[in-house]
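Down below is the structure, laid out as structure tokens.
The values are calculated or read from the model by the stated rules, or taken from the named source; none is laboratory data. It should be emphasised that the depicted structure is a prediction, and the values quoted were computed from it without experimental measurement. Here the Cβ positions follow ideal geometry from the backbone for every residue, glycine too, while neighbour counts run over all protein chains shown.
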Amino acid sequence: MSTIPVCAVPEGAVVEVAASPYPYPLPVEHTALVMIDFQRDFMEAGGFGETLGNNVALLRASLEPGARLLAAARKAGMLVVHTLEAHKPDLSDLPRSKQLRGNLPPELRIGAEGAMGRILVAGEPGNGIVPEVAPIEGEWQVHKPGKGAFWATGLHEKLQARGITHLLFAGVTTEVCVQTSMREANDRGYECLLVTDATGKPSAAYFPEFKEAAIKMIEAQGGIVGWTADTAAVEAALTAMPNP
Ligand code: C5J
């Protein structure tokens with residue numbers, strides 16, 4: 001299977017999202033919403049995010065717009081992909097460089113027993129997606145061992161087989177996994193849009209200043225990584241869709 005997607009605008013309904021640095025054409029049948037790591041491990045006390053010293057409460061502002069965006073995508077019949085940063089229980093997919101990063105004591109590292117089960121391990125309570133944006137039947141769930149959604153997941157091949165050329169990104173955190181995934185997607189030829197409030201604009205990032213910088217980096221140079229828009233703009237475009 002080719003690893004280069006064909007990104008000519010495909011057939012079917014195309015709506016236009018008011019976006020920056022210029023309008024984003026969204027071919028509804030060929031677009032997927034990618035919900036990155038809306039997991040208890042990042043959004044609740046006792047998870048991985050908190051063990052790294054972050055104020056996890058800051059991320060919760062992404063939930064209301066995230067849930068609205070998810071509802072709009074479902075209504076439009078778009079493919080929805082949920083990613084989870086999740087390691088195998090035997091940690092065979094956890095590189096030492098990641099396990100030891102942060103200089104954490106062993107009881108706080110990935111795989112250790114935490115307040116919500118083993119930290120960042122697939123199937124543990126803390127590794128699940130928060131109820132506000134939980135997946136429903138038919139939506140894809142992708143376990144990723146790295147920060148990017150395309151590393152060691154097979155996601156690219158699955159999206160190609162489905163004819164997906166455009167990706168909308170929501171989730172946490174903009175400065176780490178969302179941005180990494182969007183850059184990976186951009187290099188693989190996808191037309192990408194970051195939904196700014198569904199990733200928590202402006203205050204819902206572990207580092208708000210990084211979030212602002214990430215948005216500027218994405219939009220700069222004529223959208224070198226892609227486009228940005230808020231949830232309301234995506235909702236407005238999908239509502240205007242002919243024969244939803
Ligand atoms: C981090 C993520 N921050 N989902 N993961 O380690 O952004």
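Residues in region 29-77 that are charged (D, E, K, R) and within 30 Å of Glu16 (Cβ to Cβ): Glu29, Asp37, Glu64, Arg68, Arg74, Lys75. The residue of region 24-79 that is surrounded by the most Cβ atoms within 10 Å (Cβ to Cβ), among those that are within 15 Å of the ligand (Cβ to nearest atom) and among the basic types (Lys, Arg), is Arg40.
Report the residue count in region 174-200 for those that are basic (Lys, Arg) and outside any helix (DSSP H, G or I).
1
Among the numbered conditions (1) modelled with pLDDT under 90; (2) in a loop (DSSP other than H, G, I, E, B); (3) touching an Asp or Glu at 6+ places or on another chain (Cβ under 8 Å), the only one that Gly49 does not meet is (2). The residues listed here are Arg109, Arg96; of these, the one that is over 19 Å from Leu194 (Cα atoms) and away from the ligand (no atom under 16 Å from the Cβ) is Arg96. Whenever a residue of region 13-41 is touching a residue at least 60 places away in the same chain (Cβ under 8 Å) and closer than 30 Å to Asn127 by Cα, its partners that are among the aromatic types (Phe, Trp, Tyr) and within 16 Å of the ligand (Cβ to nearest atom), lying with C-beta atoms within less than 8 angstrom and at least six residues away or across chains, give the pairs Val34/Phe169; Ile36/Phe169; Asp41/Phe48. Of the residues making up region 23-33, those that are out of contact with any helix residue (DSSP H, G or I) (no Cβ under 7 Å at 6 or more places or on another chain) and closer than 19 Å to Ala229 by Cα are Pro23, Tyr24, Pro25, Pro27, Val28, His30, Thr31. When the residues of region 160-173 are filtered to those that are away from the ligand (no atom under 16 Å from the Cβ) and not in a loop (DSSP other than H, G, I, E, B), the one that is surrounded by the most Cβ atoms within 10 Å (Cβ to Cβ) is Leu168.
Condition check for Ser203 on (1) at pLDDT below 95; (2) part of a helix (DSSP H, G or I): one failure, at (2). The lone criterion from (1) closer than 29 Å to Thr228 by Cα; (2) surrounded by 19 or more Cβ atoms within 10 Å (Cβ to Cβ); (3) not β-branched (Val, Ile, Thr) left unmet by Glu124 is number (1). The set of residues in region 80-101 that are loosely packed, with under 14 Cβ neighbours inside 10 Å and either in a loop (DSSP other than H, G, I, E, B) or small (Gly, Ala, Ser) (or both) comprises Pro89, Asp90, Ser92, Pro95, Ser97, Leu100, Arg101.
The residues on offer are Ala61, Ala13, Ala57, Ala18, and the sole one that is more than 19 Å from the chain's Cα centre (by Cα) and modelled with pLDDT under 95 is Ala13. Return the residues of region 174-219 that are touching a residue at least 60 places away in the same chain (Cβ under 8 Å), more than 15 Å from the ligand (Cβ to nearest atom) and surrounded by fewer than 19 Cβ atoms within 10 Å (Cβ to Cβ); say none if nothing qualifies. Those that are touching a residue at least 60 places away in the same chain (Cβ under 8 Å), more than 15 Å from the ligand (Cβ to nearest atom) and surrounded by fewer than 19 Cβ atoms within 10 Å (Cβ to Cβ): Arg188, Gly189, Ser203. Take the residues in region 131-150 that are within 13 Å of the ligand (Cβ to nearest atom) and assigned to a loop (DSSP other than H, G, I, E, B), then tell me which one is surrounded by the most Cβ atoms within 10 Å (Cβ to Cβ). The extreme case among them is Ala149.
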